[in-house]
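A quick write-up on the structure given underneath.
None of the figures in this text is laboratory data; all of them are computed from the coordinates on show. The model shown is predicted, which means the values in this text are computed figures rather than measured ones. Here Cβ is always computed from backbone atoms with ideal geometry, including for glycine, and neighbour counts include all displayed protein chains.
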Amino acid sequence: MTMTSELSTWLADEAKAMAIYESGAGIGTATREQIAGMTGLQMMQAIMRGELPAAPIGKTLDFCLVHLEEGRTIFQGTPLAKHFNPLGTIHGGWTSTLLDSALGCAVHTKMPVGRAYTTAELNVHMVRAITPKVERVRAIAEVLHCGRQLATAQAKLVGPDGTLYAHATCTCLVFEMK
C-alpha cells in the first residue's frame, strides 16, 4: 500500500470515529452508573459505538481511538502547530500523552468487572522529530502482561509511511474500584 492510500485509509478511519463520537454520547466522562457491571473491553467498545462519552483529552490534544480489541488499541493523532515546542516540532508531551492513552486503554480492555488501573510508570523513547510535514501518526499499543496487581504494555508511534517516531512501555497498577 502506498503512503497516499494508507493516509486515505487513516483519514477515513478517523472520520468514522469522530462522526460516532460527535453523534453519540459526545465528549466527557462516563458515570459509575453507566459503567456498572461492564468489563473494561465492554466499556471501551461502548465508547467506540458512541454509547459512552469519549475522553476530553482526545479533543484537547487532537487524537482519537480508531481501533480496539482485547489487549490492543490504536489511537490516531493530528500533530498541529498548537502542539509545537519552541523549535517548531511536536512537543514531547503531546507524543507521550498520545502513547500513554493508547497504552492505558489497551490495559483497560483487559480489566474484569470492578477492576481499574492507573499508570505507575511510563517510559517514552523519541527516535525522530515529528515535523509539520507529518499529517497523522498512530499509537499502536498491546498488553504484554495483565495480572491481579500489575499490567505492562508496549506501543509504537508511526506515520502512514511506517516511519517510527517513538516507542514506549508502561507499567500500570491494577486495583479494585470502590
Q: Evaluate the distance, in nm, between pseudo-label points positioned 7 Å from the Cα of M1 and of R49 along their respective Cα→Cβ axes.
A: 2.6
(Q) Less than 16 Å from a label point 7 Å out along the Cα-to-Cβ axis of H67: which backbone N atoms in segment 116-138 qualify, by residue? (A) 136-138
Q. Is the shape of segment 1-145 rounded, prolate or oblate, going by the alpha carbon gyration tensor and its root eigenvalues a ≥ b ≥ c, with a/c under 1.5 for rounded and a/b larger than b/c for prolate?
A. prolate
Q. Where in segment 17-51 is the amide nitrogen less than 20 Å from a point lying 7 Å along the Cα-to-Cβ axis of L122?
A. 28-30, 44
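Working out 0.36 nm times the residue gap between V113 and I57, then minus their Cα-Cα distance, what length gain in nm do you get to one decimal?
Additional length available on full extension: 17.7 nm.
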(Q) Quick check: from the Cα gyration tensor, does segment 59-178 come out rounded (a/c under 1.5), prolate or oblate? (A) prolate
Q | Contour minus Cα-Cα distance for D161 and T31 (0.36 nm per residue) | A | 42.9 nm
Q: Show me 55-65, 93-103 ranked by packing, highest mean number of other Cβ atoms within 10 Å first.
A: 93-103, 55-65
(Q) Can you compute the helix-only [θ] at 222 nm over the chain? Use -39500 (n - 2.57) per DSSP H run of at least 4 residues, normalise by all residues, nearest 500 deg cm²/dmol. (A) -10000 deg cm²/dmol
Q.
At 0.36 nm per residue, and after removing the present C-alpha to C-alpha distance, how many nm does the segment from N85 to M18 gain when stretched out fully?
A. 21.5 nm
